[in-house]
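The next block holds one structure in the form of structure tokens; read it before the comments.
The values are calculated or read from the model by the stated rules, or taken from the named source; none is laboratory data. It should be emphasised that the depicted structure is a prediction, and the values quoted were computed from it without experimental measurement. Because the Cβ atoms are built from the backbone with ideal geometry, glycine has one as well, and the counts that use them run over all protein chains shown.
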Amino acid sequence: MNHRPFLDRVAVGTSLLCLLHCIGLPILIALLPALASVLPVGEGVHVVLLLTALPVSGVALVGGYRAHGRIVPVALGTVGLAALAGGVALASTPAIETACTVAGSLALAMAHVGNWRGLRTA
């Protein structure tokens, strides 16, 4: 399987969208209470983001590992995906959900940046 750096770029972008969603939307809603009723955000958004992140990250990180042999991006990505899944599973506790999702998104983005760097030097 040829690794495609494009997948790392897509995965980093997806992680950043997750992060913006988790941090930006609550801030926007706090600053503009009038929009709170206009911008409903269901839990389905989190499930869709997780189901997008799992295959994209899996293919990108495993492909990168095969090309450069560095396990750290795969391990960090696994932790990030687990945290994202934890956020989805703990949706009934908003503070924990947000903490898991933000930490998972950051870990996953760092994993893909590390993978990308590994590919550049491989």
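Observations, loosely collected:
- Residue match in the range 83-97 (condition: outside any helix (DSSP H, G or I), hydrophobic (A, V, I, L, M, F, W, C) and surrounded by fewer than 21 Cβ atoms within 10 Å (Cβ to Cβ)): yes
- Among the residues listed as THR101, THR52, the single one being under 10 Å from the mean Cα position of the chain (by Cα), surrounded by 19 or more Cβ atoms within 10 Å (Cβ to Cβ) and among the hydroxyl-bearing types (Ser, Thr, Tyr): THR101
- Of the residues contained in the range 31-39, none is found to be hydroxyl-bearing (Ser, Thr, Tyr) and at pLDDT 80 or above.
- Flag for ALA60 being in a helix (DSSP H, G or I), touching a Pro at 6+ places or on another chain (Cβ under 9 Å) and under 17 Å from ARG9 (Cα atoms): yes
- The set of residues in the range 1-19 being at pLDDT below 80 and in a helix (DSSP H, G or I) consists of PRO5, CYS18, LEU19.
- Of the criteria (1) at pLDDT 90 or above; (2) of a type in the set (A, V, I, L, M); (3) more than 16 Å from VAL102 (Cα to Cα), which one LEU81 fails: (3)
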